[in-house]
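> Quick one: the structure is below, and I'll ask about it shortly.
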Amino acid sequence: MDIEYNDAERAFRDEVRGFLAANLPAAIAEKVNNYRRLSRDETVHWHRVLGEKGWLAMHWPTEYGGPGWSPIQKHIFEEECAAAGAPRLLPFGINMVAPVIIKFGSQAQKDYYLPRMLTMDDWWAQGYSEPGAGSDLASLKMRAERQGDHYIVNGQKTWTTLGQHANMIFCLVRTDPRAAKKQEGISFLLIDMNSPGVTVRPLITLDGEHEVNEVFFDNVEVPVENRVGEENKGWTYAKYLLTFERTGIAGVGISKAALTHLKTIAHEYRIRGQRLIEQPAFADRLAEIEIELMAVEMTNLRVVAAAEAGGVPGAESSFLKIMGTEVRQKISDLYREAAGPHALPFIDEDDAPVGPDFAGVAAPSYFNLRKLSIFGGSNEIQKNIISKAILGL
């Protein structure tokens with residue numbers, strides 16, 4: 001594996017940097033760099049900027065609107081966006097359900113839904129987890145009973161990220177409750193959240209934010225044409241989608257940008273006249289995290305190099321999910337420690353932080369990122385996947 005970029009790749013990196021410098025609004029970058037939540041309009045604006053450039057759906061084939069980038073170019077783009085303070089792209093549409101539609105969906109589904117993702121006319125949410133069916137996703141109970149050309153859907157989904165903004169949701173539903181195995185009898189539906197019978201209720205998380213929701217379905221009619229692939233084969237499509245989700249969760253570029261910010265704080269912020277970087281215990285933890293992040297990056301580059309040679313993400317994505325999320329959590333933990341007693345967890349956005357400017361979001365960011373090792377398949381589940389698929393245990 002050659003970890004040095006060639007001339008063409010360096011030229012592409014410079015093109016991305018130039019585009020970001022010219023098109024990324026400073027107000028949005030300032031929010032991202034200071035861990036403040038973007039509004040719906042700000043998120044949509046940035047997605048449409050990338051959509052107009054043709055850079056939004058970087059994982060899609062060119063015939064559907066993808067830019068035709070190599071895995072290395074995708075890696076470069078993600079790193080440069082993180083370094084510039086660009087918002088992370090909403091994964092649920094372009095990076096998660098879109099690959100499923102492209103591979104398993106009907107031509108009508110491709111023709112209708114994919115262009116709307118590129119223009120952000122549809123904001124997608126993910127309907128996987130349920131009360132009692134999180135990491136054990138195959139235990140889901142939400143029912144879909146076919147009646148003619150519709151399914152009647154009843155049940156509940158939970159931890160629906162940004163569902164308060166979404167108008168579409170892709171859901172796993174049980175269409176055959178008598179199936180011999182719980183992984184069987186599950187189908188994959190695309191559901192309009194404006195349908196009668198859909199109710200979205202907020203779940204306020206430990207950081208005081210409204211990021212996730214519970215969604216209820218009460219006799220919701222869903223056209224059969226909104227089913228992706230075959231009935232009762234949804235588990236196959238769900239596993240395919242989760243491979244894309246777990247690889248993206250690693251967030252190497254985001255971690256590198258966060259670590260750079262943390263190192264700046266460590267060199268500038270003083271406690272009792274001494275810079276944080278001069279305190280041995282803090283400096284040791286900072287160095288340890290940087291080494292771990294370098295290991296994650298090398299693993300990520302190996303996966304990228306394999307993809308460049310024609311491979312596809314497999315169980316290696318579980319490695320990246322575990323390592324990447326744990327490093328991001330460690331960075332947020334040390335960020336909170338840097339703020340010390342000024343890391344107030346429940347400060348209003350309009351209030352001035354107590355202590356240094358970075359302190360007001362230190363604790364909320366720390367609390368929010370506890371979820372990383374849980375969603376997308378908990379890290380404990382990923383270790384089981386590695387033990388079976390790679391170690392043969």
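The values are calculated or read from the model by the stated rules, or taken from the named source; none is laboratory data. Just so it is clear, the structure is predicted and the values come from calculations on it, not from any experiment. No Cβ is skipped: glycine too gets one built from the backbone with ideal geometry, and neighbour counts run over all protein chains shown. Calculation scope for accessible area: heavy atoms of the full protein, side chains included, ligands and nucleic acids excluded. Shrake-Rupley method; radii C 1.70, N 1.55, O 1.52, S 1.80 Å.
> Which order do peptides 119-131, 50-62 fall in by mean Cβ count within 10 Å, highest first?
Order by mean packing, descending: 119-131, 50-62.
> Which value, in debye to the nearest 20, describes the size of the charge dipole of the stretch 170-302 about its Cα centre when Lys and Arg Cβ atoms bear +1, Asp and Glu Cβ atoms bear -1, and nothing else is charged? Before the final figure, lay out each step's value.
Numbers: 16 positive and 20 negative charges, 83 e Å.
For this selection, approximately 400 debye.
> Let me ask you something else. Any idea how far the Cα center of the stretch 149-170 sits from the one of the stretch 118-142, in Å?
7 Å
> Can you list the lysines whose alpha carbon is less than 19 Å from that of residue 103, not counting same-chain residues fewer than 8 positions off?
Answer for residue 103, where 19 Å is the Cα cut-off: 233, 239, listed by chain and number.
> Quick one: dipole size for the chain, taken about the Cα centre, charges +1 on Lys/Arg Cβ and -1 on Asp/Glu Cβ, in debye to the nearest 20. Present the calculation step by step, with values, prior to reporting the outcome.
Working: 42 positive and 52 negative charges, 175 e Å.
It comes to approximately 840 debye.
> Let's test the formula: R0 of 56 Å, r as the Cβ-Cβ distance of residue 41 and residue 393. What FRET efficiency results, to the nearest 0.05?
Numbers: r = 49 Å, r/R0 = 0.88.
About 0.70, to the nearest 0.05.
> Report the normalised scattering of the stretch 200-297 as log10 I(q)/I(0) at q = 0.12, 0.15, 0.24, 0.25 Å⁻¹, calculated by the Debye formula with identical scatterers on the alpha carbons.
These q points yield log10 I(q)/I(0) values of -0.74, -0.91, -1.17, -1.19.
> For the stretch 1-112, what class follows from the C-alpha gyration tensor (a ≥ b ≥ c being the square roots of its eigenvalues): rounded when a/c is under 1.5, otherwise prolate if a/b is larger than b/c, else oblate?
Details: a/c = 2.07, a/b = 1.15, b/c = 1.79.
Because a/c hits 1.5 or more and a/b fails to exceed b/c, the stretch 1-112 counts as oblate.
> Would you mind giving the average projected area, over all directions, of the Cα convex hull of the stretch 73-221 in nm² with one decimal? Could you put the intermediate results ahead of the total?
On the way: hull surface 43.7 nm².
If you wrap the Cα atoms of the stretch 73-221 in a convex hull and average its projections, you get 10.9 nm².
> With a 1.4 Å probe and all protein chains left in place, how much of the accessible area of the stretch 106-224 comes from carbon and sulfur atoms, in whole percent?
On the way: 2520 of 5270 Å².
That share works out to 48 percent.
> What residue among 356, 202, 71 shows peak mean-square fluctuation when the chain is described by a Gaussian network model with Cα springs under 10 Å?
356
> At residue 274 and residue 176, where each label point lies 7 Å from the Cα along Cα→Cβ, what is the point-to-point distance in nanometres?
Calculated label separation equals 6.7 nm.
> Order 383-389, 20-26, 319-325 from most to least packed using the mean count of other Cβ atoms within 10 Å.
Working: 383-389: 14.1, 20-26: 12.1, 319-325: 24.7.
Order by mean packing, descending: 319-325, 383-389, 20-26.
> Would you look at the GNM of the chain, springs on alpha carbons closer than 10 Å, and say which of 63, 231, 297 moves the most?
Highest fluctuation among the options: 63.
> Follow-up question, since we're still on this one. Leaving out same-chain residues fewer than 8 places away, which aspartates and glutamates sit with a Cα under 17 Å from that of residue 383?
136, 245, 316, 326
> I've got another one for you. Considering the chain as a Gaussian network with a 10 Å cut-off on Cα pairs, which listed residue, 163, 355, 377, attains the greatest mean-square fluctuation?
Looking only at 163, 355, 377, the biggest GNM fluctuation is shown by 355.
> Label-point separation (nm) for residue 284 and residue 143, each offset 7 Å from Cα along Cα-to-Cβ?
Inter-label distance under the simple model: 5.9 nm.
> Under the definition of Cα pairs under 8 Å and six or more residues apart, what whole-number percent is the relative contact order of the stretch 101-197?
Details: 144 pairs, mean separation 24.4, N = 97.
Computed over the stretch 101-197, the figure is 25 percent.
> In this model, which of 181/321; 74/256; 182/371; 141/181 are farther than 22 Å apart at the alpha-carbon?
On the way: 181/321 27 Å; 74/256 16 Å; 182/371 26 Å; 141/181 13 Å.
Checking Cα-Cα distances, 181/321; 182/371 exceed 22 Å.
> If you don't mind, another one. Percent relative contact order of the chain, based on C-alpha pairs within less than 8 angstrom and at least six residues apart?
Numbers: 623 pairs, mean separation 54.3, N = 393.
About 14 percent, as a whole number.
> May I pose another question? Return the whole-Å distance between the Cα centroid of the stretch 9-31 and the Cα centroid of the stretch 357-388.
28 Å
> Taking the dipole about the Cα centre of the chain, with the C-beta of Lys and Arg at +1 and of Asp and Glu at -1, give me whichever of 170, 115, 334 is farthest to the positive side.
After comparing all options, I get 170.
> One quarter of the convex hull surface, Cα atoms only: what value does that give for the chain in nm²? Let's see the in-between values first.
Details: hull surface 82.9 nm².
Averaged projected hull area, Cα only: 20.7 nm².
> Something else: Which whole-number value in Å² is the accessible area per residue of the chain, probe 1.4 Å? Before the final figure, lay out the partial values.
Details: 18580 Å² over 393 residues.
Ligands and nucleic acids excluded, the figure is 47 Å² per residue.
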